[in-house]
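Notes follow the structure.
The values are calculated or read from the model by the stated rules, or taken from the named source; none is laboratory data. Just so we're clear, the structure is a prediction, and the values are computed from it rather than from any experiment. Quick reminder, even Gly has a Cβ in these numbers, built from the backbone with ideal geometry, and neighbours come from all protein chains shown. Protein only, heavy atoms only, side chains kept; ligands, DNA and RNA dropped before computing areas. Shrake-Rupley method; radii C 1.70, N 1.55, O 1.52, S 1.80 Å.
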Amino acid sequence: ALYECEVRDGVSPCLGGCSLHFGCCEEGHAGPVCEVCVDQYHYFDWVTASCRACPSLGGSIGKAVGLVLGLALLFGGLAWTVRSSWLPERQSARSLVKFVRRQALMWRQAAMTGKAKILLSTMQLLWAA
């Protein structure tokens, strides 16, 4: 079978002119269209059409933990603000807190939690297909 090598921004890992003595791909690339990285700790970046080093495991875990903690603090603070009787002194912040509390009340009155769960499940099923 013949495969056409894609060129992205004028760059392609395919060299062309394959023979027994010369490979078809740039150094570090392999596969039918040169989109497989020879080094197991590299991945093929579709944007740059080249093999890039995988990020460190510690860095990836650190970013994920930071994201989860940041979101937990954000939503925890939001939940506390909605449920408490605290109101800020500045008028603009006071208006924002009142607006968020009204939205939370409307969410509960419309029973949106169950509807959001159904929507999320449907989206997961559609994305898995």
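For the list (1) surrounded by 12 or more Cβ atoms within 10 Å (Cβ to Cβ); (2) out of contact with any Leu (no Cβ under 9 Å at 6 or more places or on another chain), I need the number of the one condition that residue 97 fails.
So the condition that residue 97 fails would be (2).
Looking at the stretch 28-53, which of its residues are open to solvent by 60 Å² or more (accessible area, probe 1.4 Å), free of Cβ contacts under 8 Å to residues at least 24 places away in the same chain and part of a loop (DSSP other than H, G, I, E, B)?
Listed by number, the residues that qualify are 38, 39, 40, 41.
Looking only at the stretch 110-123, how many residues end up being open to solvent by 100 Å² or more (accessible area, probe 1.4 Å) and at pLDDT below 95?
0
Could you tell me whether residue 85 is touching a residue at least 12 places away in the same chain (Cβ under 8 Å), on the phi < 0 side of the Ramachandran plot and either out of contact with any Phe, Trp or Tyr (no Cβ under 6 Å at 6 or more places or on another chain) or exposed (fewer than 10 other Cβ atoms within 10 Å of the Cβ) (or both)?
Considered against the rule, which asks whether it is touching a residue at least 12 places away in the same chain (Cβ under 8 Å), on the phi < 0 side of the Ramachandran plot and either out of contact with any Phe, Trp or Tyr (no Cβ under 6 Å at 6 or more places or on another chain) or exposed (fewer than 10 other Cβ atoms within 10 Å of the Cβ) (or both), residue 85 comes out as no.
From (1) outside any helix (DSSP H, G or I); (2) surrounded by fewer than 10 Cβ atoms within 10 Å (Cβ to Cβ); (3) not polar (S, T, N, Q), pick out the condition that doesn't hold for residue 126.
If we test residue 126 against (1) outside any helix (DSSP H, G or I); (2) surrounded by fewer than 10 Cβ atoms within 10 Å (Cβ to Cβ); (3) not polar (S, T, N, Q), just (1) comes out false.
Going through 73, 78 one at a time, which residue ends up being open to solvent by 100 Å² or more (accessible area, probe 1.4 Å) and within 30 Å of the chain's Cα centre (by Cα)?
The unique qualifying residue is 73.
Does residue 105 count as in a helix (DSSP H, G or I) and open to solvent by less than 100 Å² (accessible area, probe 1.4 Å)?
yes
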